[in-house]
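Take a look at the structure below.
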């Protein structure tokens, strides 16, 4: 069962149930709750058996939820006229906005694998996010005069823009979402220069 999207040809009521399950999971976890498949099914007003027909686990529902959020980010990115660093700022700010809007549903994961490992094995909720950011990261590297490191640039972006860290900055330091995005982009630019610049890989 894939988390990339609904199978073609689903009946309208089946598709509606699937959407309700995904949205209900997002709402429950956004509130900071730990929910079971039975909890999600109850919130979606479907049977637990119906929920399991669509998704094998809570993690699979949440991966699909994150895919939908990433798709929103991709649509936003493709709709912008800006490029390079300016596009990176806009898309990163939009990401922070989405993280805040969807709350703790954005931080739930139980994977023991690192980000790059999951990205390279095709975790769809990460690949759609990478599709939204890769053009901006690539062109930002060009503006900075450094080599584009490919998915390593996404790794650095993820280090900065992990939803847990975004909430930490907002809740612990009292930064606004706008300040959070601005500071993180500034730090990311410095990280890209250090990672990809002429002194990268040299021993100190």
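Every number here is computed from the coordinates shown, using simple stated rules; none is lab data. Keep in mind that what you see is a predicted model, and the values were worked out from it rather than measured. Virtual Cβ from ideal backbone geometry, glycine too; neighbours counted across all protein chains shown.
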query = Gain in length, residue 15 to residue 33, computed as 0.36 nm per residue apart minus the alpha-carbon separation, to one decimal in nm?
reply = 3.9 nm
request  = Compute the acute angle (0 to 90°) between the alpha-carbon long axis of helix 151-161 and the principal axis of greatest extent of the alpha-carbon atoms of the chain; round to the nearest 10°.
outcome  = 70 degrees
remark   = Taking only the alpha-carbon atoms of region 12-56, the convex hull volume per residue, in cubic angstrom, is 55 Å³
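What number, in percent, do you get for the relative contact order of the chain if the mean sequence gap of Cα pairs under 8 Å and at least 6 apart is divided by its residue count? List each step's numbers first, then the result.
On the way: 224 pairs, mean separation 45.2, N = 204.
Taking the mean separation of contacting Cα pairs over the length of the chain, I get 22 percent.
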ask   = Which angle between 0 and 90 degrees, to the nearest 10, do you get for helix 84-102 versus the longest principal axis of the chain when only C-alpha atoms count?
value = 30 degrees
ask   = Sorted from fewest to most neighbouring beta carbons within 10 Å, what does the list 178, 165 look like?
value = 178, 165
ask   = Given 20 °C and 1.002 mPa s, how large is the Stokes-Einstein diffusion coefficient of region 70-136 in µm²/s, with Rh as the Kirkwood radius over Cα pairs?
value = 169 µm²/s
message = At R0 = 22 Å, how high is the FRET efficiency between residue 45 and residue 100 if r is their beta carbon distance? Nearest 0.05 is fine.
response = 0.20
Computed lengthening from residue 162 to residue 193, 0.36 nm per intervening residue step minus Cα-Cα distance = 9.2 nm
key: FRET E, pair residue 171, residue 142, Förster distance 30 Å, beta-carbon r, rounded to 0.05   = 0.25
request  = Output the direction-averaged projected area (hull surface divided by four) of the convex hull of the alpha-carbon atoms of the chain, in nm².
outcome  = 12.9 nm²
task = State, as an integer percentage, the relative contact order of region 68-138 based on alpha-carbon contacts under 8 Å between residues 6 or more apart.
result = 61 percent
query = How many percent of Cα pairs in region 14-126 exceed 23 Å?
reply = 36 percent
key: region 95-204 - convex hull of the alpha-carbon atoms, volume per residue in Å³   = 126 Å³
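With each run of n ≥ 4 DSSP H residues scored as -39500 (n - 2.57), what mean residue ellipticity at 222 nm is computed for the chain after dividing by its residue count and rounding to the nearest 500 deg cm²/dmol?
The per-residue figure over the chain is -22500 deg cm²/dmol.
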inquiry  = Using the Kirkwood formula on the Cα atoms of region 112-151, what hydrodynamic radius do you get, in angstrom to one decimal?
reply    = 11.0 Å
query = Distance in nm between label sites at residue 155 and residue 117, each 7 Å beyond Cα in the beta-carbon direction?
reply = 1.3 nm
